[in-house]
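Q: Structure in structure tokens, see below.
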Amino acid sequence: MQRAEEKEHCRHSDRYPVARAASDSFKIRRATLPDADVIAWHRARMFQDMGDVSDDAFEILRTKSRARLEQWIDSGDYIGWLATPADNPETIVGGAGVQLQPILPRPVDTFTIGEGRQATI
């Protein structure tokens, strides 16, 4: 019974399982709506660091990304995870996310038609 309770404890509020971090130094948590601003900033900085966005366009990209992330986090079309130091959970040091998109029905095999969404990482 204790193992079942432990597994239940490791679920996000939307009932998806939450994996334990491999390190005691960092914690990984699901992104929430208030995280849209920092995710948008990280995204814009990633493109800036790659040389794909100028300093002048950085703020435009960040603002547009934040607005879209707010919509998609709220609707469930974006799912993200953020890493924080275990002793400083307010500092986000990294993250990952998937954008879920509807796709047209498609053959899975010769007898089965699949439908749903696919994720862009």
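The values are calculated or read from the model by the stated rules, or taken from the named source; none is laboratory data. In this text the structure is predicted, and so the values were computed from the model without any measurement. Glycine gets a Cβ as well: all are built from the backbone with ideal geometry, and neighbour counts include every protein chain shown. For accessibility, only protein heavy atoms count, side chains too; no ligands or nucleic acids. Shrake-Rupley method; radii C 1.70, N 1.55, O 1.52, S 1.80 Å.
Q: Got a number for residues in the range 72-103 being open to solvent by 80 Å² or more (accessible area, probe 1.4 Å), modelled with pLDDT under 95 and not acidic (Asp, Glu)?
A: Counting residues in the range 72-103 that are open to solvent by 80 Å² or more (accessible area, probe 1.4 Å), modelled with pLDDT under 95 and not acidic (Asp, Glu) gives 2.
Q: Considering each of ILE113, ILE121 in turn, give the residue that is over 30 Å from ASP24 (Cα atoms), among the β-branched types (Val, Ile, Thr) and either open to solvent by 60 Å² or more (accessible area, probe 1.4 Å) or at pLDDT 95 or above (or both).
A: One residue alone meets the criteria, ILE113.
Q: Go through the range 30-58 and give me each residue that's charged (D, E, K, R) and in contact with a helix residue (DSSP H, G or I) (Cβ under 9 Å, 6 or more places away or on another chain).
A: Scanning the range 30-58 gives ASP35, ASP37, ARG43, ARG45, ASP52, ASP55.
Q: Need pairs with beta-carbon distance below 8 Å; first residue farther than 10 Å from TRP81 by Cβ and within the range 27-45, second in a helix (DSSP H, G or I) and open to solvent by less than 20 Å² (accessible area, probe 1.4 Å); sequence gap 6+ or separate chains.
A: Partner pairs satisfying both residue conditions: ALA36/LEU69; ILE39/SER65; ILE39/LEU69; ALA40/SER65; ALA40/LEU69; ARG43/SER65; ALA44/SER65.
Q: Out of the range 28-40, which residues are surrounded by 14 or more Cβ atoms within 10 Å (Cβ to Cβ) and more than 12 Å from GLY95 (Cβ to Cβ)?
A: Scanning the range 28-40 gives a single hit, ASP37.
Q: Does ALA44 meet the test of being under 20 Å from ILE121 (Cα atoms), modelled with pLDDT of 95 or more, outside any helix (DSSP H, G or I) and touching a Phe, Trp or Tyr at 6+ places or on another chain (Cβ under 9 Å)?
A: no
Q: Go over the candidates VAL108, VAL53 one by one and state the one that is open to solvent by 70 Å² or more (accessible area, probe 1.4 Å) and over 22 Å from LYS27 (Cα atoms).
A: VAL108
Q: On the given criteria, is SER65 out of contact with any strand residue (DSSP E or B) (no Cβ under 8 Å at 6 or more places or on another chain) and surrounded by 18 or more Cβ atoms within 10 Å (Cβ to Cβ)?
A: yes
Q: Give the residues of the range 54-91 that are closer than 28 Å to GLN118 by Cβ and in a loop (DSSP other than H, G, I, E, B), sorted by residue number.
A: GLY76, ASP77
Q: May I ask you to verify whether GLY51 is farther than 16 Å from ASP37 by Cβ and outside any strand (DSSP E or B)?
A: yes
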